[in-house]
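K.L.:
Sending over a structure as structure tokens; questions will come in a sec.
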Amino acid sequence: MKAYYTFIIILFAMTSILHQPAKAAERPKIIGVSHACFYTTDMARTSQFFTDYLGFEIAQDGLSIPACTIIKFNDRQFIELFPDPEGTRNQAMHYCLETDDSEAWRIYLKELGYKVPEEPLTPGRTGNLNFFVPMPGGVACEFIQYLPTGMIAQTRGKYLPENPISNRLGHVGFMVDDMDKVHPFYTEVFGMKETWRGGPSADVVKWVHIQLPESEQTVEYMLYDKEPSKGERGVMNHICLLVEDVYAAQAVLETRTLPEGCRNTGISLGADNKRQLNLYTHEGIRVELVEDHFTDGIPAPSSTGKPAKFVKE
């Protein structure tokens, strides 16, 4: 009888082990926002906005890619500009997240059923490990891992002028037609968390900040409820550069010549209780300068309004 009960206990234990749910794949790290990429109809004029007006420098030699202009904000963050002479493409091409293990991300996303490269990653044309992920309802996302032999590492300390308007990319913002469609992906798959939401009025939400899991940097959903014009697309698809003092930044800009067709809309207080200054290239690509602190040290409360949603007729 004792042997019988021992057999039952062992059988029960084995059954329990066999019926345990499969362990979910461990999410790799997201170190920060690497860069954003935009199309431009006039590379020379757009480059002039970033160099002559904002004080950055075009990265040359090893960092240059055929038909692509790269402008560094620091040794890990930059903006890519690709030519679109006919103006037929959406201005925002993609944004990129930095990780310390791109291959782990490829495997992780593949196991979850997302479309990623089938074969293990090899260094791309910049010498780094990168791949793209089609995003639900938004701009494409790229993952990149900087390798010691890659062009990013090889140009460390180069193309960083003394007086740029900023040296920190705080967030990237992109159009989202339906928050319900994308939010689970960012929170459950990417491991991000919402930190704030707001809008132009109390009853509607059009801006949602989502913080990266291993960084203070964020991405921003730019929600909308009607077909946007080209100008509105430029407002929504944007980058945010952080500054300590937006008034000091404006004073510097006032000593420089604003390129023809570009705009500086002046200092304002954002709904998130941070001072900001919005700048636009000649074709409407927005660069948002935002202070890295709340005006009075107190975060603005999140809106309880309804998120905007675009339903195409």
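The values are calculated or read from the model by the stated rules, or taken from the named source; none is laboratory data. As the structure is a computational prediction, the values presented were derived from the model and not from experiment. Reconstructed Cβ throughout: ideal geometry from the backbone, glycine too, with neighbour counts over all protein chains shown.
To keep it simple, each residue is scored yes or no on (1) in a helix (DSSP H, G or I); (2) of a type outside the set (S, T, N, Q); (3) out of contact with any Gly (no Cβ under 9 Å at 6 or more places or on another chain); (4) within 17 Å of GLN276 (Cβ to Cβ).
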| site | (1), (2), (3), (4) |
| --- | --- |
| PRO161 | no, yes, no, no |
| HIS209 | no, yes, no, yes |
| SER215 | no, no, no, no |
| LYS226 | no, yes, yes, no |
| GLY231 | yes, yes, no, no |
| VAL235 | yes, yes, no, yes |
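K.L.:
In addition: Could you please tell me which pairs satisfy a Cβ distance under 9 Å, a separation of 6+ or placement on different chains, a first residue in the stretch 265-279 that is touching a residue at least 60 places away in the same chain (Cβ under 8 Å), and a second residue that is hydroxyl-bearing (Ser, Thr, Tyr) and assigned to a strand (DSSP E or B)?
P.N.:
Cβ pairs passing all conditions: LEU279/THR265.
K.L.:
Right, another one. Within the stretch 209-235, take every residue that is modelled with pLDDT of 95 or more and of a type in the set (A, V, I, L, M) and give me the one that is nearest to MET179 (Cα to Cα).
P.N.:
Here the residue is LEU223.
K.L.:
If you scan the stretch 91-116, which residues turn out to be part of a loop (DSSP other than H, G, I, E, B) and either β-branched (Val, Ile, Thr) or more than 21 Å from the chain's Cα centre (by Cα) (or both)?
P.N.:
THR99, LEU112, GLY113, VAL116
K.L.:
Do any residues in the stretch 165-177 that are in contact (Cβ under 8 Å) with a residue 24 or more places away in the chain and surrounded by fewer than 22 Cβ atoms within 10 Å (Cβ to Cβ) have Cβ atoms under 6 Å from those of residues that are part of a loop (DSSP other than H, G, I, E, B) and among the aromatic types (Phe, Trp, Tyr), where the two are at least six apart or on different chains, and which pairs are they?
P.N.:
ASN167/PHE73; ASP177/PHE310
K.L.:
Could you check the stretch 148-162 and list, in sequence order, the residues that are in contact with a helix residue (DSSP H, G or I) (Cβ under 7 Å, 6 or more places away or on another chain) and over 16 Å from ILE79 (Cβ atoms)?
P.N.:
GLN154
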